[in-house]
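Engineer: Before I ask anything, here is the structure I am working with.
The values are calculated or read from the model by the stated rules, or taken from the named source; none is laboratory data. Quick caveat, the model's predicted, so the values are computed rather than measured. Glycine also receives a Cβ, built like all others from the backbone with ideal geometry; neighbour counts cover every protein chain displayed.
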Amino acid sequence: MSSGFSDALLRDIKNLAPSGFRVVRNASITDAVSDFVEGMPEAWVKVYVKGGYAMGDPVFLWSVLNSGSKRWSEIRINDFHGVLEKSKEYGLNFGVVTSRLENGRFSILSVARADREYTDAEIDLCKGLLDKAVLEGGTIALLKPTERDVLWALSQGETLKDFAEQTGVPISTIKDRLRRARIALGAKTAAQAVAEAIRKKLL
């Protein structure tokens, strides 16, 4: 396990993942992964490693090829080794994976539970926890240009809908950029994010 993640963050992740989790930060396929925490059941990890399942694991393959979030049950990649079915023997019946790809590197948070599918609200929480993990690692700038643009538009009195229509970007993407900006600035609301960005002279 890496000690590069805060206790508070790991506590929040564990609360979301009663059966187990795996978090990887700023890794690449060609590098040895050093910044990670393996929170899956120990018995399953032994089976997973011994079987060499990583490169045949639909969840892992999806996460290194995509940015976003997906319930494990919704991933449409052939599971030749039956990894997902075998994992159910260890209480990993339902799961969600969230991934961020930036500059050829990936960060992943995969969480699991035994009793039911994750709700949309829990998936949003998973996204937020991965964002916090990445920010803790200092692997991204405080604000990306696209996130700053959203805050600038709000500071000028525009609505998210107006900005989406002007730029031709889906409103869901605009909202996600605002969410990331709020997290980066430690703000609970859009107004607080704008005020903090102005205070830090980011706008």
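Engineer: On the basis of being within 11 Å of VAL97 (Cβ to Cβ), in a strand (DSSP E or B) and at pLDDT below 95, does VAL24 make the cut?
Structural biologist: Numbers: within 11 Å of VAL97 (Cβ to Cβ): yes; in a strand (DSSP E or B): yes; at pLDDT below 95: yes.
So VAL24 fits the description; yes.
Engineer: Something else now. How many residues are touching a strand residue (DSSP E or B) at 6+ places or on another chain (Cβ under 6 Å) and of a type outside the set (Gly, Ala, Ser) when one looks only at segment 130-179? Give the steps one after another, and end with the answer.
Structural biologist: In the first step, residues of segment 130-179 are kept if they are touching a strand residue (DSSP E or B) at 6+ places or on another chain (Cβ under 6 Å); the result is 130, 133-134, 137, 139.
Restricting the remaining residues to those that are of a type outside the set (Gly, Ala, Ser) gives 130, 134, 139.
Within segment 130-179, residues that are touching a strand residue (DSSP E or B) at 6+ places or on another chain (Cβ under 6 Å) and of a type outside the set (Gly, Ala, Ser) number 3.
Yes or no, residue by residue, for (1) among the hydroxyl-bearing types (Ser, Thr, Tyr); (2) within 26 Å of ARG179 (Cα to Cα):
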site: TRP44; (1), (2): no, no
site: LYS50; (1), (2): no, no
site: TRP72; (1), (2): no, yes
site: GLU85; (1), (2): no, no
site: GLY91; (1), (2): no, no
site: GLY95; (1), (2): no, yes
site: THR98; (1), (2): yes, yes
site: ILE108; (1), (2): no, yes
site: LEU125; (1), (2): no, yes
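Residues checked against (1) closer than 21 Å to LEU10 by Cβ; (2) in contact with a Gly (Cβ under 7 Å, 6 or more places away or on another chain):
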residue	(1), (2)
ARG76	no, no
LEU92	yes, yes
VAL96	yes, no
ARG100	yes, no
SER107	yes, no
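Engineer: Still on this structure, please answer the following. Within segment 39-69, how many residues are under 24 Å from LEU101 (Cα atoms) and touching a helix residue (DSSP H, G or I) at 6+ places or on another chain (Cβ under 6 Å)?
Structural biologist: Going through segment 39-69 one residue at a time, the tally reaches 6.
Engineer: Next question, about the same structure. Among the numbered criteria (1) touching a strand residue (DSSP E or B) at 6+ places or on another chain (Cβ under 8 Å); (2) surrounded by fewer than 19 Cβ atoms within 10 Å (Cβ to Cβ); (3) touching a residue at least 24 places away in the same chain (Cβ under 8 Å), which one does ARG116 miss?
Structural biologist: (3)
Engineer: Name, by its number, the condition in (1) touching a Lys or Arg at 6+ places or on another chain (Cβ under 8 Å); (2) farther than 23 Å from ILE123 by Cα; (3) in contact (Cβ under 8 Å) with a residue 40 or more places away in the chain that does not hold for LEU185.
Structural biologist: For LEU185, the exception is condition (2).
Engineer: Still on this model: Select from segment 59-98 the residues that are under 19 Å from the mean Cα position of the chain (by Cα) and aromatic (Phe, Trp, Tyr) and write down the one among them that is nearest to GLY20 (Cα to Cα).
Structural biologist: That would be PHE94.
Engineer: Right, here's the next one. Please find, among SER63, SER28, the residue that is in contact with a Ser or Thr (Cβ under 6 Å, 6 or more places away or on another chain) and in contact (Cβ under 8 Å) with a residue 12 or more places away in the chain.
Structural biologist: Values: SER28 fails: in contact with a Ser or Thr (Cβ under 6 Å, 6 or more places away or on another chain).
The match here is SER63.
Engineer: Give segment 37-64 a look and list any residue that's closer than 23 Å to GLU136 by Cβ and surrounded by fewer than 19 Cβ atoms within 10 Å (Cβ to Cβ), or say none.
Structural biologist: Hits for segment 37-64 are GLU38, VAL64.
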